[in-house]
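Structure first, then comments.
The values are calculated or read from the model by the stated rules, or taken from the named source; none is laboratory data. None of these values were measured; they are calculated from a predicted model. Backbone-built Cβ (ideal geometry, glycine too); neighbour counts: all protein chains shown.
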Amino acid sequence: MYNTQAWDLRCDSKVKVSPYFVVFVFIMVVSFVGLGVLRLYANRLEARLNEINLQIESYEMQEVDMRRALSTLTSPEAIYGYSQKKLGMIANVRSEKVHVAMSPPLHQSQKTMASSVRREHRLGFLFSLFSSQATAKE
């Protein structure tokens, strides 16, 4: 059934191989396989890093576009145009600038004279500053 002669054959070679050499060759083979695996892993990480860098660039471009859109929406010209076209607001022609002159600080006697001004007059002046508001078309 079995060929028994195949088991009885011995290596008749006169070259003897040291076990240290076999261990050295085994370690070298394992090292090269390990280096190949590390190279494949490095390629995978590099591809992943490139994907992440592409995502970062696309997000930065989106941010620039969004900032540009925001600046166009918040510019005074855009707000003025939108309020006229969409909301029907018109410019207020009754508005005026108020110029305030700087004066030196009041002394105690001048403070009492300034406080004697009628309160109603001061409140009327204060409310007149805020009375010119935006108006809309009917």
- Message: When you check TYR20 against the structure, is it hydroxyl-bearing (Ser, Thr, Tyr), surrounded by 10 or more Cβ atoms within 10 Å (Cβ to Cβ) and modelled with pLDDT under 95, yes or no?
- Response: no
- Note on the structure: Residue hits (the range 78-89; surrounded by fewer than 10 Cβ atoms within 10 Å (Cβ to Cβ) and part of a helix (DSSP H, G or I)) are LYS85
- Taking the condition at negative phi and exposed (fewer than 10 other Cβ atoms within 10 Å of the Cβ), does SER75 pass? no
